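The values are calculated or read from the model by the stated rules, or taken from the named source; none is laboratory data. Source: prediction; values computed, not measured. Here the Cβ positions follow ideal geometry from the backbone for every residue, glycine too, while neighbour counts run over all protein chains shown.
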Amino acid sequence: MARSQAEIDFIRQFELPEDVADFSDNDAVSALQKDLRLSDDDSVRKWRADHLLKEDEEAFVDFARIRLKRKQVVNTLLEGNSESLFLRYKDRLDRVLYSLIRVESEDQAHDIYYSIDSGEAEFGSAAEKYSCGPEAKTQGIVGPVDLTTPHPEVAARLRTASPRQLFEPFTADNWYAIIRLEYRFDSELDDKTKEFLGGLLLGSKSREIANQLLKFHLSGFTMAE
């Protein structure tokens, strides 16, 4: 709750550049209806009722204005930073689908690897038969997941792997692991990605306000004691 309020406070206080056009209440409401695909009066009334904004016109307009200004703030924060932020957070944006086998014995891991590599065994069948982890139930398939999810040793290999590339056994925690990249879903610096990156920046900027609000409430509680 404190973080949500802090973000709203930050957006209200943020001074946009002079070249960013101001907007009217009608502009804000129209943008909201377009974003939420509220194409007629009935859909608008239903949405307002569902969000407890049916009777409070001022609160509805204020919500629309905050939502539209948030977009402008995000665009301003991203200006000149989007490329570097994209590269910094690419591991959280990209997705990989991979196959995994985990066993306790190094010798068994190499036997399985050579069987798969030579075509004597299918990866899925070997995973189902030998893997000690939950991936045995999915024939070894894991994902799609971002690259912050797998074990660091797994992620390090997947980060530069080519589709269908099979890796020799390596240690990951107490296991000997065999992995194969099945498919990579590379992210792009599109509007959706920019919205994600802008949200990260906005969260970082407003976190300080949230901490200040929390300290204020805690100090008030202490004084009341």
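Which of the helices (runs of 4 or more DSSP H) contained wholly in the stretch 1-93 include at least 1 residues that are over 30 Å from Ala161 (Cβ atoms) and without any contact (Cβ under 8 Å) to a residue 40 or more places away in the chain? Before the answer, list the steps.
Working: elements: 2-13, 25-35, 41-50, 57-78, 82-88, 90-93.
Once the helices (runs of 4 or more DSSP H) in the stretch 1-93 are filtered for at least 1 residues that are over 30 Å from Ala161 (Cβ atoms) and without any contact (Cβ under 8 Å) to a residue 40 or more places away in the chain, what remains is 2-13, 25-35, 41-50, 57-78.
Residue under question is Ala172, and the condition is that it be closer than 30 Å to Phe123 by Cβ, at pLDDT 90 or above and touching a His at 6+ places or on another chain (Cβ under 8 Å); does it hold? Don't jump to the end; show me each part of the working.
On the way: closer than 30 Å to Phe123 by Cβ: yes; at pLDDT 90 or above: yes; touching a His at 6+ places or on another chain (Cβ under 8 Å): yes.
So Ala172 passes the test.
Out of all the residues in the stretch 99-130, which are part of a helix (DSSP H, G or I) and either on the phi > 0 side of the Ramachandran plot or small (Gly, Ala, Ser) (or both)?
First pass over the stretch 99-130, keeping only residues part of a helix (DSSP H, G or I): 106-118, 123-130.
Ala109, Ser115, Ser118, Gly124, Ser125, Ala126, Ala127, listed by residue number.
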Scan the stretch 83-118 for residues that are small (Gly, Ala, Ser) and under 14 Å from Ser131 (Cβ atoms) and report the count.
4
Residue that is surrounded by the fewest Cβ atoms within 10 Å (Cβ to Cβ) [pool: residues in the stretch 1-38 that are under 29 Å from the mean Cα position of the chain (by Cα) and small (Gly, Ala, Ser)]
Ser4
Scan the stretch 71-109 for residues that are at pLDDT 95 or above, buried (at least 16 other Cβ atoms within 10 Å of the Cβ) and either more than 18 Å from the chain's Cα centre (by Cα) or more than 24 Å from Thr171 (Cα to Cα) (or both) and jot them down.
Tyr98, Ser99, Leu100, Ile101, Arg102, Val103, Ala109
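Would you confirm whether or not the stretch 136-144 contains a residue that is in a helix (DSSP H, G or I) and either within 26 Å of the chain's Cα centre (by Cα) or modelled with pLDDT under 95 (or both)? Steps first, please.
Filtering the stretch 136-144 down to residues in a helix (DSSP H, G or I) leaves 136-138.
Checking which are either within 26 Å of the chain's Cα centre (by Cα) or modelled with pLDDT under 95 (or both) leaves us with 138.
Within the stretch 136-144, one or more residues are in a helix (DSSP H, G or I) and either within 26 Å of the chain's Cα centre (by Cα) or modelled with pLDDT under 95 (or both).
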Of the conditions (1) small (Gly, Ala, Ser); (2) over 18 Å from Leu87 (Cα atoms); (3) not in a loop (DSSP other than H, G, I, E, B), Ser162 fails just one. Which one is it?
(3)
